[in-house]
Amino acid sequence: MTAKLIDGKAFAAGLRGRVAEAARRFASSHGRAPGLAVVLVGEHPPSAAYVRSKAKATVEVGMQSFEHRLPADIGQQQLIELVDALNADDAVDGILVQLPLPRHIDEQAVLLRVDPAKDVDGFHPMNAGRLAVGLDALVPCTPLGCLMLLQDELGDLSGLDAIVVGRSNIVGKPMAQLLVQANCTVTVAHSRTRDLPSAVRRSDIVVAAVGRPELVRGDWLKPGATVIDVGQERVEQPDGTRKLLGDVAFDEAIDIAGAITPVPGGVGPMTIACLLRNTLVAAHRRSGLPDPEDL
Ligand code: NAP
């Protein structure tokens, strides 16, 4: 059996198109486009690249992009003052502080300062708590994108056995919450899990968010399982080139799984699309409007 490829790039393009339409409607009724502020501290090259692509994608869907680039040696208090100013700015619906922050800054202190109503990354404990108890929340973008791909592929997820490998606050934990809400029976695995292969083998859905290239082997999978590979690590190849690898051994998994996301082109494009979606949702909620449909 050869697994179906789950085309995250195409799904993300469709989502961005729906966001653009809804953003146009919001702008015509509110006299302003939804706005996303992105804060970059220092020159960390991958972070600078993420911020550039987020700003470009924001403008492409007709939203306003506010970019704030701060020197690496900025003080924590100055950064917090910028967050406060963005919280108070009515043109800003979403605030994203690009991580990681330099060592001298307490990341949690900064993230806690972001107004939960503008926390489009969904990292504030208020949003994590709301997600946990099943209230409307701004949900972290990567797991939200994974859920959308799973529901698009499988429809109703009720009753399915799912495993999330990884328990980070950014991906693993919110992913598990979303799958529980979707009525899956969920196992959360991590570095202390005993016999990970057996736990994976019981699962209809496997979400791998570990950061260990090709950790999940093909023969760990239940035949026909749906596999969402969040991992993306650049690994040097014998010929000296660098290849982007996921957490699942793709060449093995393709013969066992029922459907699988490729790396790249699977989960990656969903993250920015969901960031735009969250910004639009934040703009609606802040204006007292119901959430836009179809997003
Ligand atoms: P993280 O914070 O480092 O968390 C990794 C998790 O994997 C931890 O919970 C860790 O367990 C677990 N783990 C480590 N080794 C393990 C092992 N041998 N067996 C089982 N579990 C193990 O990473 P993250 O931020 O969640 O990111 C994970 C991956 O997703 C990375 O490759 C990252 O680049 C990628 N990512 C991609 C996107 C995207 O847009 N596509 C977005 C975010 C992240 P412990 O808790 O026990 O340490």
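Based on the Cβ-Cβ distance of D251 and H30, what FRET efficiency does E = 1/(1 + (r/R0)^6) give at R0 = 51 Å, to the nearest 0.05?
Values: r = 49 Å, r/R0 = 0.97.
With R0 = 51 Å, the Cβ-Cβ based efficiency is 0.55.
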| remark: Residue separation between D89 and A49 times 0.36 nm, minus their alpha-carbon distance, gives in nm 11.8 nm
| Under Karplus coefficients 6.51, -1.76 and 1.60, residue-wise ³J(HN,Hα) of segment 126-141 in Hz, glycine/proline x | 4, 6, 4, x, 4, 4, 5, 9, x, 8, 4, 9, 8, 9, x, 5
| query | With the Cα gyration tensor of segment 222-290 giving a ≥ b ≥ c as the square roots of its eigenvalues, does the rule (a/c under 1.5 for rounded; else a/b larger than b/c for prolate; else oblate) give rounded, prolate or oblate? | reply | oblate
| Where the convex hull is taken over the Cα atoms of segment 1-151, what is its projected area averaged over directions, in nm²? | 11.0 nm²
| remark: Over segment 167-257, with neighbouring protein chains present, the accessible area per residue in Å² at probe 1.4 Å is 52 Å²
| query | Which are the unpartnered cysteines of the chain, meaning those with no other cysteine Cβ under 4.7 Å from their Cβ? | reply | C146, C184
| Tell me, what is the Rg over Rh of the chain, with Rh the Kirkwood radius over Cα pairs? | 0.97
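If you wrap segment 1-68's Cα atoms in a convex hull and average its projection over all directions, what's the area in nm²? Present the calculation step by step, with values, prior to reporting the outcome.
On the way: hull surface 25.2 nm².
Seen from a random direction, the Cα hull of segment 1-68 projects 6.3 nm² on average.
Given the Cα-Cα distance of E67 and A109 and 0.36 nm per residue of separation, how much length would full extension add, in nm? Intermediate results must be reported in sequence, preceding the final value.
On the way: separation 42, 0.36 × 42 = 15.12 nm, distance 2.08 nm.
Value of the extension gain: 13.0 nm.
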| Added length on full extension, which subtracts the Cα-Cα distance from 0.36 nm per residue, S191 to D136 | 16.7 nm
| request: Could you size up the charge dipole of the chain around its Cα centre, putting +1 on the beta carbon of Lys and Arg and -1 on that of Asp and Glu, and report it in debye to the nearest 20? | output: 80 debye
| Carbon and sulfur: what percent of segment 63-175's accessible surface (1.4 Å probe)? | 51 percent
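The values are calculated or read from the model by the stated rules, or taken from the named source; none is laboratory data. These numbers were taken from a predicted model, which means no experiment stands behind them. With ideal geometry, Cβ positions are generated from the backbone for all residues, glycine too; neighbour counts draw on all protein chains shown. The protein model used for the area step is the full one, side chains on, heavy atoms only, and it has no ligands, DNA or RNA in it. Shrake-Rupley method; radii C 1.70, N 1.55, O 1.52, S 1.80 Å.
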